[in-house]
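Q: Next up is a structure, given as structure tokens.
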């Protein structure tokens, strides 16, 4: 009887642990991306309530929620409640996939991230914010300084948060808060002379290759990241599958036409390829592996590493 009791107890403990894990695992049919080497970036230890030094640096943060996840000592991923843990994990994995595109467990642009780790503190830490509904994170939009740098809602218009939305907004986040600052000749806004990306974005509007709403086109802070994202959906592998329809052909007229992009924007194409070779820009979207066969999806497989 005694060994049986031990076995039953072990089953109960294992089952309880599995249930906890299941609650923090996205069991829906929505695409996921799982980075194979997470340890150098985050240990996925959720802190609740938000750390005292983080709140003391800016007391308004206390109203954000009670879930905190550290990413590389540079970024705070904040969730409204425990219900946001699934999406907080998804954000972390996709962010890893963008900055560690070769999946070797280290940021591809190590100089950039080492520089930011050295100068980051609780006052200037970048914040990715996940709420249940969009209205919650939008309610902080008038705050100064900004209480978050990019926000998502777990549900919007009755739909779950899509992987494509996470990837697009994280791409904008990296461009606005890292690439524009670190590489002004390539991405800087309103400089004289204009940066390569800004020059190309203006030309795309004139040529009607990029057609967007007037408010965005007249604001470089919106125009350049939105245009560059459209370009990169064609130049980075893997932007495909359900939920990856945007941008539409009516918005990005050169969609799917890599040759035409190179012909019309040769300086930007040259800049992108150079930065990709230097590890400063990703070569593929983290959803890339989701569209392969099961044998190729296994993290660390030879085919995956060769992609």
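The values are calculated or read from the model by the stated rules, or taken from the named source; none is laboratory data. Everything numeric in this text was worked out from a predicted model, so none of it was measured. Note that each Cβ is placed from the backbone with ideal geometry, even for glycine, and that neighbours are counted across all protein chains shown.
Q: Among the candidates 256, 221, 243, single out the residue that is surrounded by fewer than 18 Cβ atoms within 10 Å (Cβ to Cβ) and closer than 22 Å to residue 161 by Cβ.
A: Sole residue among the options that is surrounded by fewer than 18 Cβ atoms within 10 Å (Cβ to Cβ) and closer than 22 Å to residue 161 by Cβ: 243.
Q: I'm told residue 45 meets every condition in (1) assigned to a helix (DSSP H, G or I); (2) in contact with a strand residue (DSSP E or B) (Cβ under 8 Å, 6 or more places away or on another chain); (3) surrounded by fewer than 20 Cβ atoms within 10 Å (Cβ to Cβ) except one. Can you identify the failing condition by its number?
A: The one condition residue 45 does not meet is (1).
Q: Considering segment 188-203 alone, what residues qualify as being over 18 Å from residue 264 (Cα atoms) and in contact with a helix residue (DSSP H, G or I) (Cβ under 9 Å, 6 or more places away or on another chain)?
A: Scanning segment 188-203 gives 188, 189, 190, 191, 193.
Q: Given the structure, is residue 178 closer than 30 Å to residue 66 by Cβ, crowded, with 19+ Cβ neighbours inside 10 Å and in contact (Cβ under 8 Å) with a residue 24 or more places away in the chain?
A: When the stated conditions are applied, residue 178 passes them.
Q: Pull up segment 54-82, narrow it to residues that are touching a residue at least 40 places away in the same chain (Cβ under 8 Å) and in a loop (DSSP other than H, G, I, E, B), then point me to the one that is farthest from residue 122 (Cα to Cα).
A: Once the filter is applied, the top-ranked residue is 81.
Q: Across segment 136-157, which residue is modelled with the lowest pLDDT among those that are surrounded by fewer than 17 Cβ atoms within 10 Å (Cβ to Cβ) and under 17 Å from residue 79 (Cα atoms)?
A: So in segment 136-157, the residues surrounded by fewer than 17 Cβ atoms within 10 Å (Cβ to Cβ) come out as 138-139, 141-146, 149, 155-157.
Those still in the list that are under 17 Å from residue 79 (Cα atoms) too: 138-139, 141, 146, 149, 155-156.
Values: 138: 96, 139: 96, 141: 95, 146: 92, 149: 97, 155: 91, 156: 81.
Per the criteria, the residue is 156.
Q: Sort out which residues of segment 109-125 are surrounded by 13 or more Cβ atoms within 10 Å (Cβ to Cβ) and part of a loop (DSSP other than H, G, I, E, B), and write them in order of number.
A: Within segment 109-125, 109, 120, 122, 125 qualify.
Q: Take the residues in segment 64-89 that are at positive phi and surrounded by fewer than 22 Cβ atoms within 10 Å (Cβ to Cβ), then tell me which one is farthest from the chain's Cα centre (by Cα).
A: Restricting to residues being at positive phi and surrounded by fewer than 22 Cβ atoms within 10 Å (Cβ to Cβ), the top hit is 73.
Q: Out of curiosity, is residue 101 modelled with pLDDT of 95 or more and within 30 Å of residue 274 (Cβ to Cβ)?
A: Here the answer is yes, as residue 101 does meet what is asked.
Q: Quickly run through segment 158-175 and pick out the residues that are part of a loop (DSSP other than H, G, I, E, B) and buried (at least 16 other Cβ atoms within 10 Å of the Cβ). Walk me through it before giving the result.
A: Quick first cut of segment 158-175, residues part of a loop (DSSP other than H, G, I, E, B) only: 158, 161-162.
Residues satisfying the conditions are 161, 162.
Q: Take residue 106 and tell me if it is surrounded by fewer than 14 Cβ atoms within 10 Å (Cβ to Cβ), over 26 Å from residue 131 (Cα atoms) and modelled with pLDDT of 95 or more.
A: Criteria not met by residue 106.
Q: Follow-up question, since we're still on this one. Within segment 143-157, count every residue that is outside any strand (DSSP E or B) and without any contact (Cβ under 8 Å) to a residue 40 or more places away in the chain.
A: The total comes to 4.
Q: Please enumerate the residues belonging to segment 236-267 that are within 19 Å of residue 186 (Cβ to Cβ) and over 22 Å from the mean Cα position of the chain (by Cα). Break it down stepwise before answering.
A: Taking segment 236-267 and keeping what is within 19 Å of residue 186 (Cβ to Cβ), we get 236, 261-262, 264-267.
The answer is 261, 262, 264, 265, 266, 267.
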